[in-house]
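These notes concern the structure reproduced below.
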Amino acid sequence: MAELIAVVDIGKSNIRFSFMDEDLKTHHRAALESRVVETDLYPCYPVDEIFAWIIEELKSISQRHVIQSIVVITHGAAIALTDGNELILPVMDYEFTGPEEYSSEYDLLAADFGTTGSPRLPAGLNLGRQLYWQQKKFPQQFSKGSCWLMYPQYWAWRLSGIASTEVTSLGCHTDLWQAAKDKYSGFALRQGWDKHFPPFRKAWDELGKIRPEIVLQTGISPDCVVTCGVHDSNASFILQRSVLHQDFVLLSTGTWLVGMSSSKNNQYLSEHQDTLYLTSAWAKPIPSFRFAAGKEYAEICGSEGLDKQPSLADVQILIAAGVYAYPAFSMLGGPFAGTPGKFSEKITTPTKRNALAALYCALMTDYCLELMAVDGDIVIEGPFAGNPLYCRLLASLIPARNVLIAPYENSIVSAGVFLCTHELVDWGETEYRCVRAKKIHGLRDYKQAWRATCRGLKNSNASAEAK
């Protein structure tokens with residue numbers, strides 16, 4: 001029987017389970033749609049349902065293969081408050097707007113972009129905002145939380161029984177961490193919250209062997225090792241940083257598009273534009289930007305446009321006609337957060353809507369890259385790497401830079417294998433496919449007109465908020 005590595009990727013839209021060998025050959029895949037459940041307390045993630053699914057998949061594959069190690073990689077802005085044995089409050093959905101109830105007092109206590117690199121974000125995207133709200137609303141339950149686990153490490157704990165903390169999730173716009181100094185923020189220390197986090201481990205550390213009860217339930221090898229785990233965009237960054245030997249900007253794409261720079265240039269970051277610092281697995285600050293590209297793409301496309309395959313000719317028609325989509329089609333973040341998305345005119349053709357979505361996301365990416373003002377090749381991974389129109393448009397907007405497609409079919413899964421084996425499949429730099437820019441008539445003027453209108457929308461929104 002083949003010896004496999006199990007990688008669980010818990011994203012905001014989908015959960016994927018991959019069983020790979022050390023050469024990245026896939027032996028089995030399974031998927032589950034991510035969902036949020038309503039409770040009497042607040043919307044949360046159905047962690048017991050997800051865990052039951054993981055157990056069933058492990059049981060199925062263990063009948064045919066030996067699982068030598070398992071790692072869980074998850075989205076950010078999620079924390080599990082436990083008493084060391086079980087959850088004392090549900091794992092909150094970060095899109096829940098309840099934590100904004102105490103924003104005025106929270107911001108006075110927590111806002112410290114200069115040291116944390118964590119901008120003020122809506123809903124529960126600042127993890128500290130979630131915790132503050134929970135402490136206010138449910139003081140009795142909250143006080144029982146002696147062991148706080150970031151989301152990847154929560155799953156590692158359920159699989160191994162070993163509690164740990166890892167910096168990539170803790171340093172993901174939480175207000176709780178200072179990446180530049182590799183320590184908790186002043187806010188976290190003043191709240192006394194640092195005392196609830198278990199010892200730090202590296203993303204690639206082996207925590208221990210899988211729980212004996214899971215061995216009995218699934219038939220999995222009792223020697224299966226559980227790896228600590230990591231934040232999803234950071235998983236991709238680990239992989240690219242280990243392969244590339246020059247500065248680059250990784251575009252880790254999915255529900256969110258997260259731009260992460262290997263450069264140490266940080267002078268242009270602004271908390272008001274959703275540029276921020278993330279924290280690498282090596283505990284170093286990563287200049288970054290983000291916007292909810294996957295959500296916005298789907299919103300612009302509409303249900304009928306998502307499966308269409310538009311061409312550059314469709315884009316050329318939109319440019320010639322002066323048809324625009326203006327930000328933002330998601331209120332979760334990005335440089336134009338707070339301005340309601342709109343179209344310059346109604347578009348009824350599904351293919352044209354898909355073309356407009358690709359054009360919009362390329363323009364947004366280009367804008368964010370310019371905001372961050374860092375050098376290096378652009379490396380695209382994730383679902384947008386499989387969108388040839390988006391990739392070609394981005395390359396055409398920045399013809400002086402190399403736009404590369406990561407060679408890994410799924411960077412997060414490949415990174416999971418790397419974390420468990422500490423070895424890279426030796427593709428080398430030549431395997432990165434370069435996207436060629438195309439001459440698109442009128443694109444430069446279209447871009448400038450789009451930006452001028454976007455700036456006007458943002459200024460109008462700022463004036464309205466001031467009043």
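Quick note: the coordinates plus some simple rules give every number you see, no bench work behind them. Since we're looking at a predicted model, the values are computed, not measured. Here Cβ is always computed from backbone atoms with ideal geometry, including for glycine, and neighbour counts include all displayed protein chains.
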*Cut-off under 5 Å, modelled amide H: who pairs with HIS28 long-range*: PHE19
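Using the Cα gyration tensor of segment 130-278, with a ≥ b ≥ c the square roots of its eigenvalues, what is the shape: rounded (a/c below 1.5), prolate (a/b larger than b/c) or oblate (neither)? If you can, show how the numbers build up before the last one.
Working: a/c = 2.24, a/b = 1.19, b/c = 1.88.
Oblate, because a/c is 1.5 or more while a/b does not exceed b/c.
With 10 angstrom as the radius, rank ASP366, ASP21, ASP274 by how many other C-beta atoms surround their C-beta, starting from the fewest. Mind dumping the intermediate values first?
Working: ASP366 19, ASP21 16, ASP274 24.
The fewest-first ordering by Cβ neighbours comes to ASP21, ASP366, ASP274.
For GLN309 and HIS422 in one chain, what is 0.36 nm times their gap in residues minus the Cα-Cα distance, to one decimal in nm? Write out the running numbers ahead of the final one.
Values: separation 113, 0.36 × 113 = 40.68 nm, distance 3.85 nm.
Contour length minus Cα-Cα distance gives 36.8 nm.
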*Could you please state, rounded to a whole Å, how far the C-alpha centre of segment 384-414 is from the C-alpha centre of segment 169-222?*
32
*Using only alpha carbon pairs under 8 Å that are at least six residues apart, calculate the relative contact order of the chain and give it in whole percent.*
14
*asked:* Relative contact order of segment 233-466, please, whole-number percent, based on alpha carbon pairs below 8 angstrom and at least 6 residues apart.
replied: 22
*Peptide ranges 68-74, 374-380 listed from the most packed, as the mean C-beta count within 10 angstrom indicates*: 68-74, 374-380
*Starting from the Cα of PHE200, step 7 Å along the direction of its Cβ; do the same at ASP182; then give the gap between the two resulting points in nm.*
0.6
*Beta bridges per DSSP with both ends in segment 233-466, % antiparallel, nearest 5*: 70
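Which of the residue pairs LYS144/LYS295; LYS12/LYS438; LYS25/LYS59; LYS295/LYS346; LYS144/LYS181 have a Cα-Cα distance greater than 27 Å in the structure shown? List each step's numbers first, then the result.
Details: LYS144/LYS295 36 Å; LYS12/LYS438 33 Å; LYS25/LYS59 20 Å; LYS295/LYS346 20 Å; LYS144/LYS181 30 Å.
Violating the 27 Å Cα-Cα cut-off are LYS144/LYS295; LYS12/LYS438; LYS144/LYS181.
By how many nm would the segment from GLU213 to GLN448 lengthen if fully extended, with 0.36 nm per residue of separation less the alpha-carbon distance?
Numbers: separation 235, 0.36 × 235 = 84.60 nm, distance 6.06 nm.
Net length gain for the segment: 78.5 nm.
What shape does segment 314-401 have by the C-alpha gyration tensor, where a ≥ b ≥ c are the square roots of the eigenvalues, rounded means a/c under 1.5, and otherwise prolate means a/b greater than b/c and oblate the rest?
Note, shape of segment 314-401 comes out oblate.
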*Please list the non-local residues whose amide H lies under 5 Å from the amide H of ASP93, H modeled 1.01 Å from N, same-chain partners needing a gap of 5 or more.*
CYS44, TYR45
*Total charge dipole magnitude, the chain, about the Cα centre, Cβ charges on Lys, Arg, Asp, Glu only, Debye to nearest 20*: 1180
*In segment 3-20, which residues have a backbone nitrogen under 18 Å from the label point lying 7 Å from SER60's Cα in the Cα-to-Cβ direction?*
4-11, 14-20
*[x] 21.6; [y] 24.8; [z] 23.7: which one is mean projected area of the Cα convex hull in nm² as calculated from this entry?*
[x]
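Where in segment 223-308 are there GluC sites (Glu not before Pro) that are in a DSSP coil and have at most 14 other Cβ atoms within 10 angstrom of their Cβ?
Values: sites: GLU271, GLU296, GLU299, GLU304; in loops: GLU304.
The qualifying sites are GLU304.
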*Only residues of segment 301-322 count here: report those whose backbone N is under 19 Å from the spot 7 Å along Cα→Cβ of HIS441, or say none.*
311-322
*Show the residues, 5+ positions off or on another chain, whose built amide H is closer than 5 Å to the amide H of LEU278.*
ILE286, SER288
*So how far, in whole Å, is the C-alpha centre of segment 47-92 from the one of segment 297-340?*
36
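So for segment 370-447, what percent of the C-alpha to C-alpha distances run longer than 20 Å?
Working: 1289 of 3003 pairs.
Result: 43 percent of Cα pairs exceed 20 Å.
Suppose R0 equals 41 Å. What FRET efficiency, 1/(1 + (r/R0)^6) with r the Cβ-Cβ distance, do GLU3 and SER146 give to the nearest 0.05? Could you put the intermediate results ahead of the total?
Numbers: r = 37 Å, r/R0 = 0.90.
That gives a FRET efficiency of 0.65.
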_Radius of gyration, Dmax [segment 255-350; alpha carbons; angstrom]_ = 16.5, 48
*Report the FRET efficiency, 1/(1 + (r/R0)^6), for ASP21 and PHE51, where r is their Cβ-Cβ distance and R0 is 41 Å, rounded to 0.05.*
0.95
_Give me log10 I(q)/I(0) at q = 0.14, 0.20, 0.21 Å⁻¹ for segment 228-282, Debye formula, one equal scatterer per alpha-carbon, no solvent._
-0.39, -0.79, -0.87
*What ³J(HN,Hα) values, in whole Hz, does the Karplus curve 6.51 cos²θ - 1.76 cosθ + 1.60 give for segment 358-367 when θ = phi - 60°, with x put for Gly and Pro?*
5, 5, 4, 5, 5, 5, 5, 5, 4, 4
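Which GluC sites (Glu not before Pro) in segment 331-387 sit in a loop by DSSP (not H, G, I, E or B) and have at most 16 other Cβ atoms within 10 Å of their own Cβ?
Numbers: sites: GLU345, GLU370, GLU381; in loops: GLU345.
Loop-located and lightly packed - GLU345.
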*Calculate one ³J(HN,Hα) per residue across segment 210-219 by plugging θ = phi - 60° into the Karplus curve 6.51 cos²θ - 1.76 cosθ + 1.60, and present them in order as whole Hz with x for glycine and proline.*
5, 4, x, 5, 6, 4, 5, 5, 10, x
*Please give, to one decimal in nm, the separation of the simple spin-label points placed at TYR102 and ALA30, each 7 Å out from Cα toward the Cβ.*
3.9
*In what sequence, highest mean first, do 121-132, 397-408, 412-423, 207-218 appear when ranked by Cβ atoms within 10 angstrom?*
121-132, 412-423, 397-408, 207-218
*Given labels modelled 7 Å from the Cα in the Cβ direction, how far is it in nm from ALA320 to LEU41?*
5.8
_In segment 233-466, if the dipole is taken from +1 on Lys/Arg beta carbons and -1 on Asp/Glu beta carbons about the Cα centre, which of PRO350, ALA395, GLN273 is farthest to the positive end?_
PRO350
